[in-house]
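Following: one structure in structure tokens, then a few remarks.
Computed from the coordinates by the stated procedures, all read-outs in this text should not be read as laboratory data. These numbers were taken from a predicted model, which means no experiment stands behind them. Note that we place each Cβ from the backbone using ideal geometry, even for glycine, and neighbour counts take in every protein chain shown.
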Amino acid sequence: GTGWTDYDPDPGYYIGDAGLYEPFGIPSQNMQDNGQGFRTTSAEIIPEVTGWPCTLAAASSWDEAATERWGVALGKEFRAKGANVILGPGVNVHRVALNGRNAEYVSGESPYLGSRLTPPYVKGVQSQKVIAVVKHYLNNNQETHRDDVNAIVDLRTEWEVYLPPFEAAVKAGVGSFMCSYNLVNGVHACGNANLLLRDLKETMGFKGWVMSDWWALHSFAAPQGVDQEMPGNVAPGKTQWFNETNLDTLTSDKIDDMVGRQLIMMLKHGLFDDPVCSPPHCDYLLFKANATTPQHQQLAADIATKAVTLLKNDGGVLPLQNPQGKKIAVVGS
């Protein structure tokens, strides 16, 4: 990856930039975040893209068809802005009410809901020659101490609660996974062979590539299943692990697998067919192209409307009465 100075993207670059190799005609991977649509890294981009409801609001609709239409619209807008990789969907199941990023996750509290809505999102996005990156794999269920929190999870709970939305993404043909900052059972997720090799690539049969979250590596994790280190530059206090010395320790077959997973998905999803811009020469799209449409604005309004849930006061439950000697917890806002 390229295009960062310290912790900020350079002008003309996206949140993530990788892969360009012009002698072989390999286009760049232009990656942008997606929380409520195309991430606006400057004020001038804001009126050029749709302000979508947050992912959790869209999930509250339980509407698979609307989710796929949303994915298609997202793919169109990302491509119009020069991005061909969308850093989403986030599918972590809610387990911590105070998690500041719960609004980004399509699963809500339900592995079942996540398993139903992840596939149409992925298929919609990838129908527009934009690769989806499902995240944050795995057990990244809180922001507090997210770099070093250690999630202790037994295998049955992992497969019944946390993995179903990710497995649904694999079955839907998602192009890439992003491994997370946290530890799982004492090992960082980006470098956890049980998660990346045993569970993801072997048991689920994932054929795409695994990228790290930004500066999430704590060791040379290629042997444990990470195929791409992001964002690729050395920030203050960080180490670049995918360096020439470490890569020289890998066999040619291992290198071929890491690179091949990326190229296969780029070919499969049309990134070679109609290449977009190559950073740093993307200003004309990133800052000038108008990607939103009246149809997208209407779809955003429709999804927001579907997200509203009305509570019927059957039996006079409301207003809540405080039982003598007991406490009531009201969670949410």
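Of the peptides 21-27, 69-75, the order by per-residue mean of other Cβ atoms within 10 Å, starting with the highest, comes out as 69-75, 21-27.
Rounded to the nearest 0.05, what FRET efficiency is calculated for K171 and V96 with R0 set to 30 Å and r the Cβ-Cβ distance? Before the final figure, lay out each step's value.
On the way: r = 27 Å, r/R0 = 0.90.
Efficiency, from the Cβ-Cβ distance: 0.65.
Show log10 I(q)/I(0) for the stretch 53-110 at q = 0.14, 0.28, 0.31 Å⁻¹, two decimals, from a solvent-free Debye sum over equal Cα scatterers. Those come out to -0.42, -1.15, -1.25, one per q.
Within the straight-line cut-off of under 18 Å between alpha carbons, the lysines reachable from K81 are K129, K288, sequence neighbours fewer than 8 places apart in one chain being disregarded.
Please quote Rg/Rh for the stretch 1-151 to two decimal places, taking the Kirkwood radius as Rh and restricting both calculations to Cα atoms.
Reported Rg/Rh (Cα atoms, Kirkwood Rh): 0.98.
Considered as an equivalent ellipsoid built on the Cα gyration tensor, the stretch 124-283 has semi-axes of 24, 20, 16 Å, the largest given first. Site pair D257 and T293 shows an inter-label distance of 4.2 nm when each label is modelled 7 Å from Cα along Cα→Cβ.
Absence of a disulfide-compatible partner, taken as no other cysteine beta carbon within less than 4.7 angstrom, is noted in the chain for C54.
Could you sort 174-184, 107-117, 292-302 so that the peptide with the highest average Cβ count within 10 Å comes first and the rest follow in order?
Values: 174-184: 25.1, 107-117: 20.7, 292-302: 15.0.
In decreasing order of mean packing, 174-184, 107-117, 292-302 become 174-184, 107-117, 292-302.
For D10, the residues whose amide H sits under 5 Å from its own are W4, T5, ignoring neighbours fewer than 5 places away on the same chain, with H placed 1.01 Å from N.
Extension gain for R198-A65 works out to 44.6 nm (0.36 nm per residue, less the C-alpha to C-alpha distance).
In this simple spin-label approximation, V149 and E109 carry label points 7 Å from Cα along the Cα→Cβ vector, and these lie 1.7 nm apart.
If contacts are Cα pairs under 8 angstrom and at least 6 residues apart, what is the relative contact order of the stretch 4-316 in percent?
Values: 605 pairs, mean separation 71.4, N = 313.
This gives 23 percent for the stretch 4-316.
Scan the stretch 264-333 for chymotrypsin sites (Phe, Trp or Tyr not before Pro) in coil per DSSP, keeping those whose Cβ has at most 16 other Cβ atoms within 10 Å, and list them by number. Show your work: numbers first, answer last.
Numbers: sites: F272, Y284, F287; in loops: F272, F287.
Taking the stretch 264-333 and a limit of 16 other Cβ atoms within 10 Å, the loop chymotrypsin sites (Phe, Trp or Tyr not before Pro) found are F272, F287.
For the stretch 4-316, the convex hull drawn through the C-alpha positions has a volume of 144 cubic angstrom per residue.
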